[in-house]
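Undergrad: Structure provided below as structure tokens; questions to follow.
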Amino acid sequence: QVQVVESGGGLVLPGGSLRLSCAASGSIFSISAMGWYRQAPGKQRELVATITSSGSTNYVDSVKNRFTISMENAKNTVYLQMNSLKPEDTAVYYCNADLRTAWYSKYQTYWGQGTQVTVSS
């Protein structure tokens, strides 16, 4: 079995910073990519940032130059450093991992339960 667990959410003032962490554990053979998504109340879930195991990154335009995604391959862990936070960044942030559990299995996407980020004065 595979578990994906996020941590690091909370309440922060506008202009502040938070660092989210996400660890994948269990029967993991290899991970090809991990990513962060978010869902605000009444809105669809949207991609925030992704990173491949080789280090290629992708960001939604609204977070470029404010958020940084990084990955520790040895720990199957991805981070999201969020700076200059704005009220519109308020959402539940979800992590996912594209991984396979054996050399012969296909890659599948596993999701965490989410962590709340609230940006408010």
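The values are calculated or read from the model by the stated rules, or taken from the named source; none is laboratory data. Remember, it's a predicted structure, so these values are computed and weren't measured experimentally. Note: areas computed on protein heavy atoms with side chains; ligands, DNA, RNA excluded. Shrake-Rupley method; radii C 1.70, N 1.55, O 1.52, S 1.80 Å.
Undergrad: Quick check for you: with a 1.4 Å probe and neighbouring chains kept, what is the accessible area per residue of the chain, in Å²? Let's see the in-between values first.
TA: On the way: 6640 Å² over 121 residues.
Counting only protein heavy atoms, the per-residue value for the chain is 55 Å².
Undergrad: Which value, in Å² and to the nearest 10, is the accessible area of M71 when all protein chains are kept and the probe is 1.4 Å?
TA: That residue has around 40 Å² of solvent-accessible surface.
Undergrad: Provide the solvent-accessible area of R45, counting protein heavy atoms only and rolling a 1.4 Å probe, rounded to the nearest 10 Å².
TA: Its accessible surface works out to 100 Å², give or take rounding.
Undergrad: Same structure, new question: Quick check: convex hull over the Cα atoms of segment 1-79, volume per residue in Å³, rounded to an integer? List each step's numbers first, then the result.
TA: Working: hull volume 9.1 nm³, N = 79.
Here the figure is 116 Å³ per residue.
Undergrad: Please compute the Cα-Cα pair-distance distribution of segment 52-103 with 10 Å bins starting at 0, giving whole percents from short to long.
TA: Computed distribution, short to long bins: 18, 50, 25, 6, 1.
Undergrad: Okay, next question. Provide F29, F67 ordered by accessible surface of protein heavy atoms (probe 1.4 Å), highest first. Don't skip to the end; give the middle numbers.
TA: Working: F29 110, F67 5 Å².
So, going from the largest accessible area down, we get F29, F67.
Undergrad: Could you tell me the relative contact order of the chain? Use alpha-carbon pairs under 8 Å, at least six residues apart, and round to a whole percent.
TA: Details: 307 pairs, mean separation 43.7, N = 121.
With pairs under 8 Å counted, the relative contact order is 36 percent.
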